[in-house]
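See structure below.
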Amino acid sequence: MKVIRLEEIESTNSYAKSHISALEDKTIVHALRQTCGRGRLNRKWVDLGQNNLFFSIILKPSETFKSIYANITQYASVILCQELENYGVNPKVKWPNDVMIDGKRKICGILSETVIENGSLKGIILGIGVNLNASEKDIKNIPDRVVTALNLEIGNNVNMDAFLNEFLERFFDKYDDFLLNGFEMIMNDYLNRNCFLEKDLKIQVLNEIKSGYAKGINSNGELILNTNENKELILNIGDIL
Ligand code: BT5
């Protein structure tokens with residue numbers, strides 16, 4: 001594992017994308033400040049100041065894309081929960097991969113991007129932002145979401161390097177096994193931490209909103225939704241509203 005540490009960058013994911021050919025498998029791009037962090041669907045990830053985490057993990061597991069790779073974000077969300085639990089908080093996963101303290105306050109974001117050129121997989125870029133040290137005032141600057149940071153939850157500042165190193169150790173400890181076994185390997189850990197099952201949900205899927213009862217998660221990590229029209233939908237993308 002190699003770590004590239006940058007003082008400031010627009011986005012660690014964009015940096016990784018533009019340097020993808022030169023970056024080895026399991027390289028980490030870590031920036032101390034991120035000026036134009038990206039979320040999914042053109043949303044923004046806000047830099048809440050010093051000692052918050054912004055990094056991307058570059059993965060090159062093979063030259064062809066396998067469906068299992070789509071679950072790497074869920075694998076990362078479980079590892080993030082385990083790392084946060086170490087600090088005594090109660091993180092929950094909101095499908096597919098949001099990590100929320102007590103299922104309510106967003107503390108992390110994961111943006112996975114796949115680079116494919118001429119049919120060959122150049123790499124997967126797993127971008128992760130974690131709020132470790134923020135002020136009450138700064139989190140209010142994200143008005144569309146209830147947001148938190150680890151220091152606000154535990155009442156102490158958090159050592160960013162220690163958190164990153166522990167996270168990476170946990171992530172790579174089981175990563176090779178995950179590539180062999182896929183979602184089923186983490187299914188119990190994922191389900192035990194869910195905050196969305198057995199509830200009535202509204203889910204934005206591209207331009208449509210689907211409403212229904214979240215019945216379960218299948219062995220591919222997809223959400224099984226019983227719609228109000230009594231149909232069973234299997235969703236692999238979407239945003240719980
Ligand atoms: C995500 O998107 O949650 C993925 C965010 C990934 C950020 C990392 S940082 C390192 C790497 N480089 C990048 O450029 N990105 C990755 P999404 O599910 O679309 O959520 C975005 C929404 O989260 C925004 O619309 C806000 O409502 C909220 N948000 C923005 N900044 C936040 C923050 N610091 N903490 C909590 N919520 C935030």
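For SER62 and ASN157, the difference between the fully extended length at 0.36 nm per residue and the C-alpha to C-alpha distance is 30.3 nm. Quick one: if the Förster radius is 45 Å, what FRET efficiency do GLU7 and ASP200 give, using the C-beta to C-beta distance and rounding to 0.05? E(calc), rounded to 0.05, equals 0.45. Computed log10 I(q)/I(0) for region 97-178 at 0.13 Å⁻¹: -0.55, from the Debye equation with unit scatterers placed on every C-alpha and solvent omitted. If only the Cβ of Lys and Arg carry +1 and only the Cβ of Asp and Glu carry -1, the dipole of region 2-192 around its Cα centre is close to 620 debye. Heavy atoms of the protein chains alone define the surface here; on that basis the chain has 50 Å² accessible area per residue at 1.4 Å probe size. Rg and Dmax of region 76-137, based on Cα coordinates, read 14.4, 47 Å.
For region 28-124, the Kirkwood hydrodynamic radius comes to 14.9 Å, computed from all pairs of different C-alpha atoms. Loop-resident GluC sites (Glu not before Pro) (DSSP state other than H, G, I, E or B) in region 182-241 with no more than 16 further Cβ atoms inside 10 Å of their Cβ: GLU198, GLU229. A helix-only calculation puts the chain at -7500 deg cm²/dmol for mean residue ellipticity at 222 nm, using -39500 (n - 2.57) for each DSSP H run of at least four residues, averaged over all residues. Given a 1.4 Å probe and the protein chains as shown, HIS19 ends up with an accessible area of around 80 Å².
Using equal-weight Cα scatterers in the Debye expression, the normalised intensity of region 167-241 in log10 at q = 0.15, 0.18, 0.25, 0.27 Å⁻¹ is -0.59, -0.77, -1.12, -1.23.
Residues GLU7, GLU113, ordered by accessible area of protein heavy atoms at a 1.4 angstrom probe radius and largest first, appear as GLU7, GLU113. For region 14-25, putting each phi into the Karplus relation 6.51 cos²θ - 1.76 cosθ + 1.60 with θ = phi - 60° gives couplings of 5, 4, 4, 4, 6, 10, 4, 5, 7, 8, 7, 3 Hz, in residue order, rounded to whole numbers and with x for Gly and Pro. Note on LYS104: no aspartates and glutamates have a C-alpha under 12 Å away, same-chain residues under 8 apart excluded. How many angstrom separate the Cα center of region 84-129 from the Cα center of region 227-241? For region 84-129 versus region 227-241, the Cα centre distance is 21 Å.
Listed by chain and number, the lysines whose alpha-carbon sits under 19 Å from that of LYS60, ignoring those within fewer than 8 places in the same chain, are LYS2, LYS17, LYS26, LYS122, LYS174. From the largest down, the chain spans 52, 46, 32 angstrom on the principal axes of its Cα atoms.
Note on region 1-119: antiparallel DSSP beta bridges, both residues inside, total approximately 65 percent of the bridges counted. Taking ILE101, ILE139, ILE57 in turn, the Gaussian network model of the chain (Cα-Cα springs below 10 Å) assigns the largest fluctuation to ILE139.
Taking amide H positions as modeled 1.01 Å from N, with prolines and chain starts lacking one, the residues under 5 Å from VAL147 and 5 or more places away or on another chain are LYS106.
Beyond 16 Å, how much of the Cα-Cα pair distribution for region 200-240 remains, as a whole percent? Counting pairs separated by more than 16 Å, the tail of P(r) holds 22 percent.
The values are calculated or read from the model by the stated rules, or taken from the named source; none is laboratory data. Everything quoted here is computed from the prediction, not taken from an experiment. With ideal geometry, Cβ positions are generated from the backbone for all residues, glycine too; neighbour counts draw on all protein chains shown. Protein only, heavy atoms only, side chains kept; ligands, DNA and RNA dropped before computing areas. Shrake-Rupley method; radii C 1.70, N 1.55, O 1.52, S 1.80 Å.
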